[in-house]
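Data first, discussion second: the structure below is written as structure tokens.
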Amino acid sequence: MLYRTMPKNSDTLSALGFGCMRLPMLDGRVDEARAIAQIRSAIDGGVNYMDTAWPYHHGESEIVLGKALRDGYREKVKVATKLPSWLVKNRADMDRYLNAQLERLGVDSIDYYLVHALDGTLWDTVHGLGVLEFLEKAKADGRIVNAGFSFHGLAEDFRRIIDAYPWVFCQIQYNYLDETYQAGTEGLRYAAGKDIGVIIMEPLRGGNLGLVTAPPAVQAIWDESPVRRTPVEWALRWIWNHPEVTVVLSGMNEEAHIAENLAIAGSAEAGSMTPQELELVARANARYRELMKVRCTGCGYCMPCPMNVSIPMCFETYNKMHMFGNILEGKFLYALRMSGEIGGEGPGYASQCVACGQCMENCPQHIAIPDVLAELAAELEGADFAQLQEAGRQLLRRTA
């Protein structure tokens with residue numbers, strides 16, 4: 001494991017952090033035993049930064065992480081969690097959530113505490129409610145050690161939030177498709193220029209950059225390299241190539257993912273990519289932009305939908321269909337996966353959307369979700385849709 005230094009406090013942090021937003025599932029709940037084993041194996045492999053948040057897995061994430069940190073593991077790591085800023089209605093709420101998180105995690109203090117999912121409007125709200133006084137008080141009484149924020153807004157708002165308080169760190173979405181999106185490279189450098197550590201989320205764009213086999217048009221670009229790398233390695237190495245990056249979070253829920261990411265994190269030095277390799281990544285970026293239909297990262301903040309539309313799954317299927325060019329297969333998988341027959345949740349088709357707009361209020365990517373769902377429904381729920389649904393039902397009956 002390679003390590004990097006948090007500028008303001010000199011903490012030595014693993015280049016790879018464990019993101020606890022996508023833990024393994026079993027029967028609709030977090031598979032506790034497996035998740036705990038995965039978290040501990042990552043710590044044993046050198047990971048010492050663990051990231052969770054109040055809403056992850058509907059509150060289960062903090063609890064499961066707390067259990068994983070028993071038996072001596074707490075002393076090996078720095079724990080990060082986040083104030084659910086969109087739920088805060090008054091100053092007292094801030095203490096209430098923090099105290100509940102300490103209890104959930106089973107810890108006396110949180111090493112890295114973030115004001116969660118800020119954009120300009122939400123920052124103005126929590127700032128007006130006294131969030132800076134709350135952070136100072138929580139640091140003074142020892143409930144938190146370092147204060148930071150995570151960001152999902154416009155670049156100009158990122159700068160004014162950075163300048164508003166002596167933050168130790170911040171967390172931004174960053175990958176080779178998002179150089180100019182939200183905070184972007186400009187924000188990364190602005191924060192680093194003020195000695196603020198930068199934690200990276202969504203390094204694989206919700207998994208889209210880490211598919212086992214890249215879309216053929218992208219794989220052809222990777223195949224030009226004399227050095228053989230998986231799509232995951234290309235994506236992670238590109239981020240770690242930036243010296244301004246402190247930690248890259250990965251939502252690892254497969255043992256193989258943990259092993260691969262640990263191996264990459266052991267050799268991906270800053271400034272180690274050649275100009276030729278960086279040119280390949282730039283070309284892959286351009287090709288992906290031509291192929292992808294939706295900016296969705298699969299974070300799930302748009303859920304639950306009051307009409308039960310499976311929004312992230314709809315978008316994932318739509319993107320993959322266009323990235324790989326398997327139109328008929330994509331339509332069939334959409335008809336099957338969104339039917340609700342497998343998980344028993346009921347149908348979650350795009351056509352169920354009534355454009356209420358609730359999802360857009362929570363989307364950190366600011367996607368015009370109802371518009372995209374309408375486009376998706378028109379393309380995937382055409383004349384052959386009933387036939388594909390019946391084919392899916394027949395398949396399930398044969399495999400039941």
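Quick check on my filter: what residues within segment 142-165 are open to solvent by 10 Å² or more (accessible area, probe 1.4 Å), part of a loop (DSSP other than H, G, I, E, B) and over 21 Å from LYS78 (Cβ atoms)?
Answer for segment 142-165, where residues must be open to solvent by 10 Å² or more (accessible area, probe 1.4 Å), part of a loop (DSSP other than H, G, I, E, B) and over 21 Å from LYS78 (Cβ atoms): HIS152, LEU154, ASP163, ALA164.
Please go through segment 265-283 and pick out each residue that is closer than 20 Å to TRP222 by Cβ and open to solvent by 10 Å² or more (accessible area, probe 1.4 Å).
Those that are closer than 20 Å to TRP222 by Cβ and open to solvent by 10 Å² or more (accessible area, probe 1.4 Å): SER267, SER272, MET273, THR274, PRO275, GLN276, GLU277, LEU278, GLU279, LEU280, ALA282, ARG283.
Please tell me if VAL354 is over 25 Å from the mean Cα position of the chain (by Cα), hydrophobic (A, V, I, L, M, F, W, C) and in a loop (DSSP other than H, G, I, E, B). Step through it out loud before you land on a result.
Details: over 25 Å from the mean Cα position of the chain (by Cα): yes; hydrophobic (A, V, I, L, M, F, W, C): yes; in a loop (DSSP other than H, G, I, E, B): yes.
Judged against the criteria, VAL354 is a match.
For the condition in contact with a strand residue (DSSP E or B) (Cβ under 8 Å, 6 or more places away or on another chain) and more than 21 Å from PRO312 (Cα to Cα), what is the one hit in GLU202, GLU224, GLU244? Steps first, please.
Working: GLU202 fails: more than 21 Å from PRO312 (Cα to Cα); GLU224 fails: in contact with a strand residue (DSSP E or B) (Cβ under 8 Å, 6 or more places away or on another chain).
Exactly one residue qualifies, and that residue is GLU244.
Could you list all residues from segment 376-393 that are surrounded by fewer than 16 Cβ atoms within 10 Å (Cβ to Cβ) and farther than 24 Å from CYS296 by Cα? Steps first, answer last, please.
Taking segment 376-393 first, the residues surrounded by fewer than 16 Cβ atoms within 10 Å (Cβ to Cβ) are 378, 382-384, 386-387, 390-391, 393.
Result: ALA383, ASP384, ALA386, GLN387, GLU390, ALA391, ARG393.
Which one is farthest from ILE110 (Cα to Cα), of the residues in segment 14-51 that are touching a Phe, Trp or Tyr at 6+ places or on another chain (Cβ under 9 Å) and among the polar types (S, T, N, Q)?
Only one residue fits best here, namely GLN38.
The values are calculated or read from the model by the stated rules, or taken from the named source; none is laboratory data. It should be emphasised that the depicted structure is a prediction, and the values quoted were computed from it without experimental measurement. Positions of Cβ are backbone-derived with ideal geometry, glycine not excepted, and every protein chain shown enters the neighbour counts. The accessibility values were calculated without ligands, DNA or RNA, using every heavy atom of the protein model including side chains. Shrake-Rupley method; radii C 1.70, N 1.55, O 1.52, S 1.80 Å.
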